[in-house]
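Note sheet for the following structure.
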Amino acid sequence: MGLRIYNTLSGTKEDFLPLSPGQVRMYVCGVTVYDDCHVGHARSLVTFDVIVRYLRFLGYEVTFVRNFTDVDDKIIQRAKEQGISARQLAEKYIEAFYRDAAALGLVTPTYEPKATEHIADMIALIRRLEERGAAYRVDGDVYFDVSRFPEYGKLSRKRLEELAAGARVEIDERKRHPADFALWKESKEGEPFWESPWGKGRPGWHIECSAMSSKYLGQPFDIHGGGLDLIFPHHENEIAQSEAAHGAPFARYWLHHGLVTIDQEKMSKSLGNIATIQEVLSRADAATLRHYFLASHYRSPLDFSDQGLEEAGKALERLYETFERMERVAPVSEQTEPSAEVLEAFREAMNDDFNTPKALALMFDEARALNRMADEGKTAELRPRWAAVKKAGEALGLLQQTPQQFFAAKKERWLKRHQIAADWIDDMLGRREKARREKNWQEADRIRAELKRKGIILEDSPEGTTWKVR
């Protein structure tokens, strides 16, 4: 079975057939940079990171574009509150975004355009809409006329006659229809602005993505992605203005991921339940967070909880324990031929609309089988199967660390959270070793029990004593 994708536009799973054989052009709506990114952003970033990785695993050459919205009402308002310019605020949070992206182990997009660097492209697109009679000017503002695009609502399944002011559309009595949306906004006193045929102003949000996606990918392109909350009005408006301007389809496949709640509640500053990426990564590693996301299908809603994160961490630890064991008994290299059977099962799972829960289950089943085979001494059979598991992990962005890095980082986070010094553990291990040499088994057992009470588990072997955290 070839790759099949659920297309929001058609409401069905479709065979994926790119416009150019062997090449995929993909655009994903990026963040509006007025605050730190939270776990909802993280899910979106990881979802499309895995989709890009898997498309490349299948052999496609992927041109991946993810933008920055760096001029917006929220940015302007937050900048005023902080007493800095909108540009300074945007640059601050773009830098923070790159910090988070690196921490999450994301692939770097082919292009990462900023809205403010493409104002000329947006003005040209708006003028084209004016020339085609799909846009109209009111004072210093320019609006898109939804009545001039008969297919308006085809993505969201919303009927134009049912759209009333206030239903996620901006209320403005100057508009011909409540669903008409701003392409260009006249700047108010103290706001950033650019010169345009309509006076000093700035672009509307929707026109930004249309201009940037077509500049780097052309029109039509293969995949457009984002969260479910972007279907209306953002993506609906992108389609309307892009297709009205060019008289051609905009994007062929529309992918939308489910939204994230925290402990069954929508994330909200008023509820104080916004979990930033940095906060989450202070108590869990990026691989655990990635595993947590991938354990649910990308289109499903996801309720984020510390318990779920902890369970994901335990599961990933078991996989890394297998990784550590395989490095000892069946190390693989780039020359090791992966098991075709295992890779085919992985492809079968992922080809079903990127079914990561099924793909993860396969990896864990293989890990259990590998451990049984190692117990039975079947080392010759281990290498190709383990090489396939590692290759599948790479396609999901998992197993990016070595076992040594993974367990060392876990220890470091655990010690910091429990305010235990590594030097104190080393001292306790030294005292226990001295007691064992003196055959003072009671003291040695007492030290082991004291460490265990604090969550530190000792493992004795002929090579010495090591410790791990519970």
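Here are the numbers for the structure shown:
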quantity	calculated
Qualifying residue in region 46-53 (condition: over 19 Å from Thr110 (Cα atoms), out of contact with any Lys or Arg (no Cβ under 9 Å at 6 or more places or on another chain) and crowded, with 16+ Cβ neighbours inside 10 Å)	no
Inter-residue pairs, beta-carbon under 7 Å, first more than 10 Å from Arg252 (Cβ to Cβ) and in region 10-29, second surrounded by fewer than 13 Cβ atoms within 10 Å (Cβ to Cβ) and aliphatic (A, V, I, L, M), 6+ apart	none
Test: residue in region 182-194 that is open to solvent by 10 Å² or more (accessible area, probe 1.4 Å), among the aromatic types (Phe, Trp, Tyr), within 21 Å of Arg66 (Cβ to Cβ) and touching a Pro at 6+ places or on another chain (Cβ under 9 Å)	no
Failed condition for Leu106, given (1) over 17 Å from the mean Cα position of the chain (by Cα); (2) in contact (Cβ under 8 Å) with a residue 40 or more places away in the chain; (3) assigned to a loop (DSSP other than H, G, I, E, B)	(1)
Sole exception among (1) in a helix (DSSP H, G or I); (2) more than 25 Å from Leu45 (Cβ to Cβ) for Gly133, by number	(1)
Count - residues of region 115-136 that are touching a Phe, Trp or Tyr at 6+ places or on another chain (Cβ under 6 Å) and open to solvent by 60 Å² or more (accessible area, probe 1.4 Å)	0
Residue that is part of a helix (DSSP H, G or I), closer than 30 Å to Ala101 by Cα and of a type in the set (Asp, Glu), where the choices are Glu381, Glu344, Glu394	Glu394
Leu399 touching a helix residue (DSSP H, G or I) at 6+ places or on another chain (Cβ under 6 Å), closer than 22 Å to Ala287 by Cα and assigned to a helix (DSSP H, G or I)	no
Strands (runs of 3 or more DSSP E) contained in region 3-60 and holding at least 1 residues more than 21 Å from Ser213 (Cβ to Cβ) and more than 14 Å from the chain's Cα centre (by Cα)	4-7, 12-15
Any pair with Cβ under 9 angstrom, 6 or more apart, that starts in region 330-348 at a residue that is in contact (Cβ under 8 Å) with a residue 24 or more places away in the chain and ends at one that is part of a loop (DSSP other than H, G, I, E, B) and β-branched (Val, Ile, Thr)	Pro338/Val332
Matching residues, region 425-448, being within 25 Å of Glu317 (Cα to Cα) and surrounded by fewer than 13 Cβ atoms within 10 Å (Cβ to Cβ)	Asp426
Any chance Tyr6 is touching a residue at least 60 places away in the same chain (Cβ under 8 Å) and open to solvent by less than 10 Å² (accessible area, probe 1.4 Å)	no
Residue pairs meeting the criteria (Cβ under 7 Å; at least 6 apart or on separate chains; first closer than 22 Å to Val50 by Cα and in contact (Cβ under 8 Å) with a residue 40 or more places away in the chain, in region 235-256; second open to solvent by 10 Å² or more (accessible area, probe 1.4 Å) and in a helix (DSSP H, G or I))	His256/Leu228; His256/Ile231
Test for Asp72: is it at pLDDT below 95 and crowded, with 18+ Cβ neighbours inside 10 Å	yes
Qualifying residues in region 377-408 (those that are more than 22 Å from the chain's Cα centre (by Cα) and small (Gly, Ala, Ser)) - the one most open to solvent (accessible area, probe 1.4 Å)	Ala380
Qualifying residue in region 321-329 (condition: over 20 Å from the mean Cα position of the chain (by Cα), among the β-branched types (Val, Ile, Thr) and either on the phi < 0 side of the Ramachandran plot or surrounded by 14 or more Cβ atoms within 10 Å (Cβ to Cβ) (or both))	yes
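The values are calculated or read from the model by the stated rules, or taken from the named source; none is laboratory data. Worth saying up front: this structure is predicted, and the values here are computed from it rather than measured. Cβ coordinates were reconstructed from backbone atoms using ideal geometry, including for glycine residues, and neighbour counts include every protein chain displayed. Areas reflect the complete protein model, heavy atoms only, side chains present, ligands, DNA and RNA absent. Shrake-Rupley method; radii C 1.70, N 1.55, O 1.52, S 1.80 Å.
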